[in-house]
Amino acid sequence: MKRMKMSDVGFKGQVFGFIKFTPFVESFLSGDLYMNNFKKYIDIESASGEKGVGDKFEAAHVFTELTMNFFTQDTNELIMSGRTKKLNFRKNINEKRPLYCMFAIIGDMLKVVNEDEKYYYTKFDLPNEQIDKMIREFGDSLIFVTPSQFIDRITRTLNEKGYAYRGGLVKYDDYNINSSARMSSYKNQGTDIYFWKDKYFENQYEYRIVLTDQEVDEALIVNIGDISDISTIFNANEFFSDKFEIRLRKKGNLSIH
């Protein structure tokens, strides 16, 4: 019998925790958030040719299998027509927007193994190859962070500094198809462009915060105060194994045992 997931019991789209893969543990626990710009991640894939941490299509409009027609400016006469397999472009300003990224624990990845009047008892339901890929790309040590308190602290700090920002889960789409949702998003010319990634990256379950009115050439360091009280360090292989059970109060609180 297939077990229910938390997304099946009214928690679809809810974030139950954040995970940060970082070698700079002490800096992170002290509240230093290094917000690189999009260009940093664009250049990583462009330089290595490998997808993973880097993504050359960050903050870009991506189109597939387009017919392109070229007309004269004065008479509007068609002078050339052709097909292109892939076309992408981005505004230069968007390359310089700073962002902060974390792995989000959501209902789709948690299977319900038991329940009582107060709690759902859950475990991770991720394929081993997906876990291996994640660890290979980001490392075998992680920090679990309580989501509501983390969001409260970072938004309070950003508001105090007067930054405009947007936070949310990344939407993953097949970039080999010009989906109506993504095309409509492009047309609106808003901040949605910062929250689309190719389906290839869907194993990252990314939550990101983007400063939508800032432009930086180097990482912007935002300190949100000590967060060691809402953070726990784990070995990644153990964290995603059956060793830990995640207890979720039916009203939404979380604890790991």
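In this structure the amide hydrogen of LEU33, modeled in the peptide plane, comes within under 5 Å of the amide hydrogens of VAL222, ASN223, ILE224, none closer than 5 places in sequence on its chain. Structural descriptor for the stretch 93-149: relative contact order 19 percent, calculated from alpha carbon pairs under 8 angstrom and at least 6 residues apart.
What share of Cα pairs, in percent, lie more than 17 angstrom apart in the stretch 148-201?
Working: 729 of 1431 pairs.
Percentage above 17 Å: 51.
In this structure the amide hydrogen of LEU110, modeled in the peptide plane, comes within under 5 Å of the amide hydrogens of MET6, SER7, ASP125, none closer than 5 places in sequence on its chain. What the phi angles of the stretch 203-219 give under the Karplus curve with 6.51, -1.76 and 1.60, with θ = phi - 60°, is a coupling list of 5, 7, 6, 7, 10, 9, 10, 10, 7, 8, 10, 10, 10, 9, 9, 10, 4 Hz, glycine and proline written as x. For the chain, a Gaussian network of Cα nodes joined below 10 Å ranks ASN114, ASN203, ASN223 by mean-square fluctuation, and the top entry is ASN114.
State the Kirkwood hydrodynamic radius of the stretch 1-52 in Å, one decimal place, computed from all pairs of distinct Cα atoms.
On the way: mean 1/r = 0.0666 Å⁻¹.
Result for the stretch 1-52, one decimal place: 15.0 Å.
Which whole-number value in Å³ per residue fits the convex hull of the alpha carbons of the stretch 184-242? Working shown, then result.
On the way: hull volume 10.9 nm³, N = 59.
Residue-normalised Cα hull volume stands at 185 Å³.
Amide H to amide H distances under 5 Å link THR122 with VAL113, ILE246, ARG247, LEU248, where only residues 5 or more positions off or on other chains count and H is placed in the peptide plane.
Please report the projected area of the stretch 135-241's Cα convex hull averaged over all directions, in nm². Mind dumping the intermediate values first?
Numbers: hull surface 36.0 nm².
Computing the convex hull of the Cα atoms and averaging its projections yields 9.0 nm².
Can you give me the % of accessible surface on the chain that is carbon or sulfur? Probe 1.4 Å, all protein chains present, nothing else counted. Heavy-atom surface of the chain belonging to carbon and sulfur, 1.4 Å probe: 47 percent. Using θ = phi - 60° in the Karplus curve 6.51 cos²θ - 1.76 cosθ + 1.60, the 3J(HN,Hα) couplings for the stretch 128-140 round to 4, 5, 6, 5, 4, 5, 4, 5, 4, 7, 10, x, 9 Hz; x is entered for Gly and Pro.
Surface exposure of the stretch 153-244, expressed per residue as accessible area with a 1.4 Å probe, stands at 50 Å². Rounded to the nearest 10 degrees, the angle from helix 147-161 to the longest Cα principal axis of the chain is 50 degrees. For the chain, averaging the sequence separation of C-alpha pairs within contact (under 8 Å, six or more residues apart) and dividing by the residue count gives a relative contact order of 30 percent.
The values are calculated or read from the model by the stated rules, or taken from the named source; none is laboratory data. Computed from a predicted structure; not experimentally measured. Note: areas computed on protein heavy atoms with side chains; ligands, DNA, RNA excluded. Shrake-Rupley method; radii C 1.70, N 1.55, O 1.52, S 1.80 Å.
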